[in-house]
1. Among the residues of the range A:12-53, count how many are within 11 Å of DNA strand D (Cβ to nearest atom) and farther than 24 Å from B:ILE139 by Cα.
2. Quick check on the range A:91-125: of everything there that is out of contact with any strand residue (DSSP E or B) (no Cβ under 9 Å at 6 or more places or on another chain) and within 25 Å of A:THR162 (Cα to Cα), which residue is farthest from the other protein chains (Cβ to nearest Cβ)?
3. Condition test on A:TYR169, is it assigned by TED's automatic domain parsing to the domain that holds A:TRP217, among the aromatic types (Phe, Trp, Tyr) and more than 19 Å from A:VAL79 (Cα to Cα)?
4. Condition test on B:LEU9, is it more than 10 Å from DNA strand C (Cβ to nearest atom), buried (at least 17 other Cβ atoms within 10 Å of the Cβ), within 14 Å of another protein chain (Cβ to nearest Cβ) and among the aliphatic types (A, V, I, L, M)?
5. Condition first: under 17 Å from the mean Cα position of the chain (by Cα) and surrounded by 17 or more Cβ atoms within 10 Å (Cβ to Cβ). Can you find one or more residues in the range B:225-238 that meet it?
6. For the range A:57-74, give me each residue that is open to solvent by less than 10 Å² (accessible area, probe 1.4 Å) and either under 16 Å from B:MET278 (Cα atoms) or among the aliphatic types (A, V, I, L, M) (or both).
7. Restricting the search to the range A:187-244, which residues are aromatic (Phe, Trp, Tyr), free of Cβ contacts under 8 Å to residues at least 40 places away in the same chain and not in a loop (DSSP other than H, G, I, E, B)?
8. Condition first: open to solvent by less than 20 Å² (accessible area, probe 1.4 Å), hydroxyl-bearing (Ser, Thr, Tyr) and more than 15 Å from the chain's Cα centre (by Cα). Now tell me which residues in the range B:129-163 satisfy that.
Protein chains: 2
Amino acid sequence: MAKIDIKGLARELNISASTVSRALRDSHEISKATIDKVKALAEKLNYQPHPYAGSLRKNKTKTIGIVVPEVSNNFFAKVFSGIEVVAQENNYHALIYLTHDDYDKEKSILHHLQSGRVDGVIMSIASNTKDHSHIEELIQAGIQVIFFDRIGESFSTTKITTDDYNSAYKATVHLIEQGCKKPLHITRFLHQTNTKYRKKGFIQACKDYHLPIEDNWVIELNDDAVVEPTLTNILKNEYRPDGIFSSVETLSLYPYKVCKELGITMPDQLKFVSFSNMDAASFLVPALTTVTQPAFEIGKAAAMVLFQQLEKKKRGMQPLDNVFPSTLIVRESSIKNK
Amino acid sequence: MAKIDIKGLARELNISASTVSRALRDSHEISKATIDKVKALAEKLNYQPHPYAGSLRKNKTKTIGIVVPEVSNNFFAKVFSGIEVVAQENNYHALIYLTHDDYDKEKSILHHLQSGRVDGVIMSIASNTKDHSHIEELIQAGIQVIFFDRIGESFSTTKITTDDYNSAYKATVHLIEQGCKKPLHITRFLHQTNTKYRKKGFIQACKDYHLPIEDNWVIELNDDAVVEPTLTNILKNEYRPDGIFSSVETLSLYPYKVCKELGITMPDQLKFVSFSNMDAASFLVPALTTVTQPAFEIGKAAAMVLFQQLEKKKRGMQPLDNVFPSTLIVRESSIKNK
DNA sequence: CTGTTAGCGCATTCAC
DNA sequence: GTGAATGCGCTAACAG
């Protein structure tokens, strides 16, 4: 199956390559007859334009980069699905890179992405990324960047998040309304935007309901190894919390395990709410209340906005950074009570 | 930040573009001094070669396509993680496409992939794909294709699977050894290779243990909507099965739900084993025995083999199809008993 | 050791 | 309406 190119088509039809090129793009300066002739042959010979030749010529790749910590995580997997659906609809292609939550990897990936391989990037920042200069560089190189979930607040690009503050507030209120007097907030990486705002929501709810909030009501558990011991310690205490609000999916299973080991029954003796996109968890665990982010929709929104921005740019307009500075697209997370 | 190219570097240094090009590639015909000079400037100016220009010239993209049904599924997500890790190590890039288990979509994706966008493809076939001519075409177009899990048996390319027959056999034996006399095998899409062999393993185990296997011991549940009613029907029957072996993760949660509704306790009244890569499930459900495929390793193996094949091809050797016809890489699935 | 030339496949001038 | 020439950024063949 010899690859057929424009020159090949031209030769077959005894016309010039440029005519073929124009015919394939429905140029108005080509006669209907030629267009039909060319297209018929192209179809017959299964002609496919070489994507990289066009990219080189037009300086436009129709490709985006997706940079996420991982994908074995329902949230990111679903966001990706959303992006992918919209990408296919718009004939964009998606290169995906995993940072494995590692700053150095994220840095080298973004550095490479300046090369012209992609038109734009959709990303969620690695959990141990604190310096954002590598992102700044990418933007400076003219690559459109869109953030979701773990966003770079300082950049004036589009950001897509759920309303972390409000969702956390509601989740906490939910605990309180079930009778909690001493809720515990377990979380990770509070320097990230999402966890930071969730913590704020938790605290505000406690204040609004006049709970005597103390320092040890919020605990940051970044290291997998310490989660169980720490929780065990806290829960076997006589004055243990009567409710837990987990900020991240990763922490949502530990309380069950520890409670089971300690003989604490849920939800009778301990209420529990967690951010989670794990379908299985809410299905299997009767007492589980989850705060679920609309991951698929976030992905779709991110892609739609990015493609729209890229198309405008193509038509020679200003890059949209200037038109929509710092667009913040916020969606509600739904609280599912099982 | 003006993009810098080879010509730019050449101009700065008053040497020719080809010298720069060679220096950057550590050509042995360039003096050490020039190489150093060039590299220093390249570093300083943050030069990045344009990937598509090189691809065009060398007819090699350093990019692979990953075509999978979905990624919101722990198995595929982990396979992808494995692929991605190896890809980064080898400086390959991964374009990912989701078929959403739709034959038409799979067909159009593969058709596009003939265009020269990728050097190779790693795929798992959509569940409703029965005709394989679109895959044949892709291979004919000179794209290396590697299958995993849901493989195309008829192609003489590398295939990576777990030993479905054997794993299913063992899982069934596990049920029988726990006292099952009437196991039920629930499965999906028996025209696929993986489910087909799992069914065979189930049946053989039943035979080897002299269970009087009947037609209704295997049931194919392709439609989400009928799963619950069908299971309910089966399980409320007086002569219901005393064990269930599920062939796919998607079906692994329904039995719990139905049993809970019917008041059947697991594992006392009903043993259960399922193929599953869902971490949460085995964590949360005490009675769950899972057959877990080494997804991450499958991904790594697929990528390693593919890259190895592509590198050989590059050096002008025969494409490896001829060297390793129909390489079948099989791995054990582990059975985890909780 | 280095420079000149050509061309990967395509789209866009500029001619006619 | 169509063809010839040019160049996207890079590498490789051919010269010295």
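The values are calculated or read from the model by the stated rules, or taken from the named source; none is laboratory data. Quick caveat, the model's predicted, so the values are computed rather than measured. Please note: Cβ atoms are built from the backbone with ideal geometry, for glycine as well, and neighbour counts cover all protein chains shown. Each accessible area value is taken on the protein alone, full model and side chains, heavy atoms only, with ligands, DNA and RNA left out. Shrake-Rupley method; radii C 1.70, N 1.55, O 1.52, S 1.80 Å.
1. Qualifying residue count, the range A:12-53: 23.
2. A:TYR103
3. In short, yes.
4. no
5. No, the range B:225-238 contains no residue that is under 17 Å from the mean Cα position of the chain (by Cα) and surrounded by 17 or more Cβ atoms within 10 Å (Cβ to Cβ).
6. The answer is A:ILE64, A:ILE66, A:VAL67, A:VAL68, A:VAL71.
7. Answer for the range A:187-244, where residues must be aromatic (Phe, Trp, Tyr), free of Cβ contacts under 8 Å to residues at least 40 places away in the same chain and not in a loop (DSSP other than H, G, I, E, B): A:TYR197, A:TRP217.
8. If the condition is that a residue be open to solvent by less than 20 Å² (accessible area, probe 1.4 Å), hydroxyl-bearing (Ser, Thr, Tyr) and more than 15 Å from the chain's Cα centre (by Cα), then B:THR129 is the only one that fits.
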